[in-house]
Every structure is written in C-alpha cells, then in structure tokens.
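Have a look at the structure below before the remarks.
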Amino acid sequence: MASFGMLLPELPGYLAQMGAHHLIGWIVALFTIGAFFSRFVSGRMADRAGRKPVMLFGTAVTALAGFAYIGVARMDNVAMAVTGFLVVRLLHGLSTGFRPTGTSAFLTDIVPAQRRGEALGYLGVAGNAGMALGPALGSWLAVEFGYDAMFLASSALGVAAYGMTSLLPESLPQPRKVQWGDLNVFEGGSLERAAWPSSVFLLPVALAFGAFLTVTPDLVEELGFKYKGSFNTVVVAASIVARLIAGKASDRHGRVELLMVGAVLLALGMTLFSNATTVPMLLTAGVVYGLSIGINMPAIFAWTIDLAPEGKAATSLSTMLMALEVGIGGGAYVSGTWYATNPEVLLSLYGGCAFLGLAGFAFLFWWRRVHKNGGFAR
C-alpha cells in the first residue's frame with residue numbers, strides 16, 4: 001500500500017509536466033479500469049488455485065510498474081510519452097485487482113468468523129500505515145530528488161513485498177495449479193450475486209473517493225501545502241484510528257449499523273471540504289473523512305464475507321471490489337474532467353460527494369428495515 005500511495009499525490013503534477021494536465025481525470029480512472037477487469041479473474045482464481053498466486057501476481061505488477069513509469073518518461077515524443085504513461089496506469093491497476101482480493105481471502109481463511117471484522121480492521125491498519133507513510137515519502141522524494149527517485153522507491157517496496165509474500169503458506173485447502181482456463185472470463189463464475197448489497201452501498205462511497213483522490217491534491221496545494229502527500233497522511237491517520245475500533249465493533253453490533261455511521265461521516269466530511277478555505281478547515285474535513293473510511297472499509301469487507309456462500313469468499317470479494325473500481329474510476333473521471341474544464345467547481349464537487357454519502361445511508365436504512373437481523377442477513 002505504501003508503494004501505491006506514494007505515487008498518487010504527485011502524479012497530477014507529473015502529468016502536467018508533460019503538458020497534459022487536462023488528462024488528470026484518467027490518472028485514477030485508468031488504474032481502476034485495469035483493476036476492474038482483472039477482478040473477473042482474480043476472485044475465481046483465488047477460490048480455485050489458491051490465495052498465494054493471486055497475491056504474488058499483484059505484487060509483481062507493483063514491482064515492475066515503477067520502472068515502466070521511468071521508461072515512458074524517457075520517450076522523445078511527448079505524445080507517445082503521455083500515451084505510454086496512460087497505458088502503464090491501466091496495467092498498474094492489475095496490482096489492485098489481484099492483491100487485495102487474495103490478501104483479504106487469505107485472512108478470512110485463518111481467523112474465526114466471530115472475529116472477522118476485527119481481523120480485517122487490523123489488516124486495514126497495516127494497509128493504511130503504508131498509505132499514511134507512502135504519500136509523504138513519495139512527495140518528499142519527488143520534490144527533493146525528482147520523480148525517478150519516487151518511482152524507483154515504489155518498485156523497491158514492491159520487490160520487498162513480493163519476497164515477504166513468497167514466505168506465506170497457502171490457506172486454501174487443496175488448491176490446484178493455475179490453468180489457462182482461469183483467465184477465460186467467458187467461462188462464468190466470475191461474479192457472485194450474494195455480494196450485491198455490499199456492492200450497492202460501496203458504489204456511492206467509491207464515487208466520492210474517486211473524486212477525492214483526483215481533485216484534492218490541487219486543493220491542498222492551493223491552500224499552501226508544500227508536500228501534498230502530507231495531507232493524505234492526516235486522512236489516513238484518522239482512518240487508522242477508526243479501524244482499530246470499527247472492525248471489532250462490527251463483530252459486536254453488526255455490519256450495517258457501523259456502515260450507517262460511516263455514511264453519515266462521509267456526508268459530513270465532504271460538506272466540510274466544500275467549505276474549506278483555510279488550512280484548519282481542510283484538516284478538520286480530512287480527519288472526519290478519514291474516520292468514515294476507517295469505519296466503512298473493514299465493515300464492508302466483513303459484510304461481503306458474511307453474505308458469501310461456502311467456497312465463494314474470494315469471488316464475493318472481487319465482485320464487491322468491482323463496485324469499488326467502477327465508483328473510483330467514475331468519480332475520478334467525472335470530477336477530473338469537469339474540474340479541468342472549469343476550475344471554479346472545485347469546492348462544489350465536494351458538495352455533490354456529500355449527497356453520495358446520504359444515498360448510501362438511505363440504502364442501508366432500507367436494507368435494515370427489510371432484514372431485521374441486521375448486517376449478518378443473507
């Protein structure tokens with residue numbers, strides 16, 4: 001996660017340096033498109049061939065991506081360099097399409113069901129720690145030593161993660177070898193319909209997140225942050241605090257109840273962003289939004305596993321995460337394109353995201369009334 005997070009705050013500036021600032025909406029959108037299509041394969045593969053091959057493939061992509069960014073930057077033709085950068089972003093998305101699916105399924109294999117939310121919360125803490133340190137490190141490297149140093153550090157972290165992952169045991173009972181047929185998306189079995197409730201709730205949450213990722217670096221810079229990644233560290237630190245509590249709370253009180261709290265905090269955080277004209281206001285908005293992320297993510301993963309049929313945990317996770325990619329990509333593209341053509345809408349975009357949080361709350365309210373036993377209902 002540190003490898004992924006360390007690049008994102010600086011990529012809009014990197015693309016602007018190429019003379020293609022109008023394409024910033026594609027930075028996140030293409031990444032999520034790559035992740036989305038890879039999920040048609042990753043979940044099914046993890047349920048058949050094991051969690052470890054899926055984790056290793058995603059990590060290998062991360063390790064190679066940094067070198068690819070450096071390579072395209074050295075192209076003599078600017079148009080080709082921009083095109084190459086966008087292609088690398090698309091392929092880099094494969095890392096997210098594989099790694100989180102395998103890792104989350106691996107964890108749920110080895111922990112008791114009654115502590116599933118707690119365990120996924122701790123997994124999120126580890127990921128968020130990387131996301132907290134990564135942006136600050138990436139911004140520092142880019143400002144002080146240049147973009148190449150940032151990309152090389154990203155690849156180095158990917159190599160280290162690959163080595164550690166290779167030491168893990170396989171948690172799936174009786175896995176078989178990966179087969180070419182696993183890559184055939186037309187074979188079927190790539191989607192799990194039991195994951196539809198968690199997917200529906202995740203979609204508006206992800207739309208808001210895509211917009212946040214795309215336009216916030218410019219807002220942060222406009223308000224005077226030298227190292228844009230340092231603001232992400234504030235958001236992620238708040239998320240870590242919430243995750244330490246929220247996962248266990250969802251085991252005790254139910255997934256839907258916690259997600260309703262997260263949806264309200266999402267709406268509140270985005271409302272604060274829409275009024276952020278000073279650094280203290282911006283930081284307050286970042287803390288509230290970070291708390292919403294820390295509550296929502298472990299609960300949504302645990303809820304998806306709760307709903308999954310036997311032997312379909314990874315497929316259910318990949319189905320739910322497709323909604324994440326659609327939301328992030330759609331939010332990134334719409335907000336980035338709109339903002340690039342009319343910078344005056346920057347704060348208004350956050351107001352729209354507040355309504356997305358309310359939409360998520362409304363869905364959960366409906367679901368809770370229909371299913372009286374809360375988040376554990378199938």
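The values are calculated or read from the model by the stated rules, or taken from the named source; none is laboratory data. In this text, all values refer to a predicted model and were calculated from it rather than measured experimentally. Cβ coordinates were reconstructed from backbone atoms using ideal geometry, including for glycine residues, and neighbour counts include every protein chain displayed.
Summary of values
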quantity: For ASN128: the one exception among (1) under 14 Å from the mean Cα position of the chain (by Cα); (2) within 24 Å of GLN17 (Cβ to Cβ); calculated: (2)
quantity: Test: GLY290 is free of Cβ contacts under 8 Å to residues at least 60 places away in the same chain, surrounded by 24 or more Cβ atoms within 10 Å (Cβ to Cβ), within 24 Å of PRO197 (Cα to Cα) and of a type outside the set (Val, Ile, Thr); calculated: yes
quantity: Conditions (1) under 26 Å from ASP109 (Cα atoms); (2) buried (at least 24 other Cβ atoms within 10 Å of the Cβ); (3) at pLDDT 90 or above; number of the one not met by PHE212; calculated: (1)
quantity: Unique residue being crowded, with 17+ Cβ neighbours inside 10 Å and modelled with pLDDT under 90 when the list is GLY84, GLY130; calculated: GLY130
quantity: Answer residue from the range 31-46, given it is within 23 Å of PRO309 (Cα to Cα) and surrounded by fewer than 24 Cβ atoms within 10 Å (Cβ to Cβ) and is nearest to the chain's Cα centre (by Cα) among those; calculated: PHE36
quantity: Index of the failed condition, VAL370 passing every other in (1) without any contact (Cβ under 8 Å) to a residue 60 or more places away in the chain; (2) surrounded by 21 or more Cβ atoms within 10 Å (Cβ to Cβ); calculated: (2)
quantity: Conditions (1) out of contact with any Asp or Glu (no Cβ under 6 Å at 6 or more places or on another chain); (2) part of a helix (DSSP H, G or I); number of the one not met by ASP76; calculated: (2)
quantity: So TRP196, is it of a type in the set (Phe, Trp, Tyr) and surrounded by fewer than 13 Cβ atoms within 10 Å (Cβ to Cβ); calculated: no
quantity: Top-ranked residue in the range 142-183 [being hydrophobic (A, V, I, L, M, F, W, C) and touching a Leu at 6+ places or on another chain (Cβ under 8 Å); ranked as surrounded by the fewest Cβ atoms within 10 Å (Cβ to Cβ)]; calculated: ALA149
quantity: Residue satisfying condition, being in contact with a Leu (Cβ under 8 Å, 6 or more places away or on another chain), among the charged types (D, E, K, R) and either crowded, with 17+ Cβ neighbours inside 10 Å or part of a helix (DSSP H, G or I) (or both), within set ARG89, ARG115, ARG99; calculated: ARG89
quantity: Matching residues in the range 284-313 - criterion: being over 16 Å from ASN232 (Cβ atoms) and in contact with a Phe, Trp or Tyr (Cβ under 9 Å, 6 or more places away or on another chain); calculated: ASN296, PRO298, ILE300, TRP303, ASP306, LEU307
quantity: Any chance ILE300 is over 13 Å from PHE212 (Cβ atoms) and either in contact with a helix residue (DSSP H, G or I) (Cβ under 6 Å, 6 or more places away or on another chain) or buried (at least 17 other Cβ atoms within 10 Å of the Cβ) (or both); calculated: yes
quantity: Test for LEU347: is it under 27 Å from VAL125 (Cα atoms), surrounded by fewer than 24 Cβ atoms within 10 Å (Cβ to Cβ) and hydrophobic (A, V, I, L, M, F, W, C); calculated: no
quantity: Count - residues of the range 219-243 that are farther than 13 Å from ILE293 by Cβ, under 20 Å from the mean Cα position of the chain (by Cα) and surrounded by fewer than 20 Cβ atoms within 10 Å (Cβ to Cβ); calculated: 1
quantity: Leading residue by the ranking (modelled with the highest pLDDT) among those in the range 14-30 that are in a helix (DSSP H, G or I) and touching a Pro at 6+ places or on another chain (Cβ under 8 Å); calculated: ILE27
quantity: Among (1) crowded, with 17+ Cβ neighbours inside 10 Å; (2) in contact (Cβ under 8 Å) with a residue 40 or more places away in the chain; (3) not small (Gly, Ala, Ser), the one test that VAL279 misses; calculated: (1)
quantity: Sole exception among (1) surrounded by fewer than 23 Cβ atoms within 10 Å (Cβ to Cβ); (2) out of contact with any Lys or Arg (no Cβ under 9 Å at 6 or more places or on another chain); (3) farther than 30 Å from GLN179 by Cβ for GLY13, by number; calculated: (2)
quantity: Residue among VAL28, VAL54, VAL72 that alone is crowded, with 24+ Cβ neighbours inside 10 Å, out of contact with any Lys or Arg (no Cβ under 7 Å at 6 or more places or on another chain) and farther than 30 Å from PRO309 by Cβ; calculated: VAL28
quantity: Matching entry among ALA263, ALA238 (being at pLDDT 90 or above, in contact with a helix residue (DSSP H, G or I) (Cβ under 7 Å, 6 or more places away or on another chain) and closer than 19 Å to TYR122 by Cα); calculated: ALA238
quantity: THR284 vs. criteria β-branched (Val, Ile, Thr), crowded, with 24+ Cβ neighbours inside 10 Å and over 14 Å from THR214 (Cα atoms); calculated: no
